[in-house]
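Q: First, the structure itself, so that you have it in front of you.
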């Protein structure tokens, strides 16, 4: 290759890559004030007025029969099923048996899982959180993985049915308790910032971001074939959930995997640092909203 | 019962398997893999890939494709899946995000313009949610010409 041709080619590559970086960051954003937690939806999809409380849900129950507007309920009307028996409840029972049997064989496991407190009651509402000793952000699923690795004969990996089922049980012990992710913790705040960036990052062959379907001005509120994408606010509160279309319990990170496959992007393993950051971002968007498991979606 | 019999049975099977494996390998080569596009990872190579630059491809000497084939491609979920967002002639259960395309042939757009928009609509609307079907190899050149023909014929 002649030097001149090589220079042109190199300049071209440089220009292309510079351009590419620019496109990634120029996704139109609707500002989110993280301190507002779930109430930030008021300037976002503005649907929280329909689903933000039981009273609002009752008042707007008629939207359930309105195909063009049912999206405004953010699927929260399905949480009425919490009181009835469904496979999510069986998952909670199974999870309880698992955690009890591991804890009776190895009391250190429960101690680790409950961060030394001995009881798991209400703990999940403060997840994800920064663990100083481990120097990383821990989700409930990551805590189960870590404590099993340290104290049980076999590691209970994130994304495995046992991890999901026991995480569902742990979260059910905080059901009804408002999510309070601690944004005053610097590592959590940084994870939130990274997670927000990932939410807007264009990925995959179809060139979609999470934001392509879940922000004002995107597909949100419009029909995507038979579905209408909803707001990202208040959404993680019901995970892990029993997914009726696939007939199994699904943790948040496997939900990400499913989305990314549909976007024709490379899915990441559950527990991946990027997925954890995305979970922090979405959890802050659920701050102040009660944990709603077991649930059906 | 002999080895010969077994061989005479297994040999064609092996040949068939090898041939079919080669065929699938060839087909796979043509299909763009998800890992060739950006992903969310901080460590995997796809995490460092940028989105593909915008390509404005508006061939003025465009030979239009087959509208019937274009319709199939437009409706198929694994292909264009245009119905996910657009109303289209003859389609059902369509989405509502994109403009109604059911009479797009009367819009005054030339075939070349339609081709360019399906190929990569970011040259017109940089923030569009519509996938760049040509740039990202979702559809081939011929498939896009077929879709353009279908849209031109939609009246």
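Bear in mind that the values in this text are calculations on the coordinates, not laboratory data. Just so it is clear, the structure is predicted and the values come from calculations on it, not from any experiment. Counting neighbours? That spans all protein chains shown, and the Cβs are built from the backbone with ideal geometry, glycine included.
Q: Which residue fluctuates most in the GNM of chain A (Cα springs below 10 Å): A:155, A:64, A:205?
A: A:205
Q: On a 0 to 90° scale, report how tilted helix A:140-151 is relative to the longest principal axis of chain A, with both axes built from alpha carbons and the result rounded to the nearest 10.
A: Between helix and principal axis, roughly 70 degrees.
Q: What average count of beta carbons from other chains do you get within 10 Å of the Cβ of residues in A:230-240?
A: 0
Q: Follow-up question, since we're still on this one. Let me check against my output: what whole-number percent is the relative contact order of the stretch A:177-297, with C-alpha pairs under 8 Å and at least 6 apart?
A: 39
Q: Picking from A:186, A:237, A:265, which is most flexible by a Gaussian network model of chain A using Cα springs under 10 Å?
A: Among A:186, A:237, A:265, the largest mean-square fluctuation in the Gaussian network model of chain A belongs to A:186.
Q: Here's something else I'd like to know. Among A:267, A:31, A:232, which one shows the highest mean-square fluctuation when chain A is modelled as a Gaussian network with alpha-carbon springs under 10 Å?
A: Comparing A:267, A:31, A:232 in the GNM, the peak value goes to A:31.
Q: I've got another one for you. Mean 1/r over all different Cα pairs, inverted: what Kirkwood radius does the stretch B:54-153 give, in Å?
A: Hydrodynamic radius (Kirkwood, Cα only) of the stretch B:54-153 equals 13.2 Å.
Q: Tell me the mean residue ellipticity at 222 nm calculated for chain A from its helices only (DSSP H runs of n ≥ 4, each -39500 (n - 2.57), averaged over every residue, nearest 500).
A: Calculated mean residue ellipticity at 222 nm is -12500 deg cm²/dmol.
Q: Could you list, bin by bin from short to long, the percent of Cα-Cα pairs of the stretch A:200-273 in 5 Å steps?
A: Final binned percentages: 3, 15, 20, 29, 24, 9, 1.
Q: Okay, moving on. Averaged over A:254-266, how many beta carbons belonging to a partner chain fall within 10 Å of each residue's beta carbon?
A: Across the residues of A:254-266, the mean count of other-chain Cβ atoms within 10 Å is 3.
Q: Just want to confirm a number: the relative contact order over chain A, from Cα pairs under 8 angstrom separated by 6+ residues, in percent.
A: This gives 24 percent for chain A.
Q: If I model a spin label at residue A:55 and residue A:117 as a point 7 Å from the Cα along the Cα→Cβ vector, what separation in nanometres do I get?
A: Those two pseudo-labels are separated by 3.0 nm.
Q: For peptide A:195-208, how many partner chain Cβ atoms fall within 10 Å of a residue's Cβ, on average?
A: Whole-number average of other-chain Cβ neighbours for A:195-208 is 6.
Q: In units of 2.2 N^0.38 Å, what is the alpha-carbon radius of gyration of chain A?
A: That ratio works out to 1.09.
Q: Here's a follow-up. Mind pulling the angle between the C-alpha long axis of helix A:3-25 and the longest principal axis of chain A? Nearest 10 degrees, somewhere in 0 to 90.
A: For helix A:3-25, the angle is close to 40 degrees.
Q: Could you give the Stokes-Einstein D for the stretch A:87-172 in µm² per second, using the C-alpha Kirkwood radius, 10 °C, 1.306 mPa s?
A: This corresponds to a translational diffusion coefficient of 125 µm²/s.
Q: Helix A:186-199: angle to the longest alpha-carbon principal axis of chain A, degrees 0 to 90, nearest 10?
A: Approximately 60 degrees, to the nearest ten.
Q: A follow-up question, please. Roughly how many Å is it from the Cα centre of the stretch A:84-118 to that of the stretch A:135-193, as a whole number?
A: Taking the Cα centre of each part, the stretch A:84-118 and the stretch A:135-193 sit 13 Å apart.
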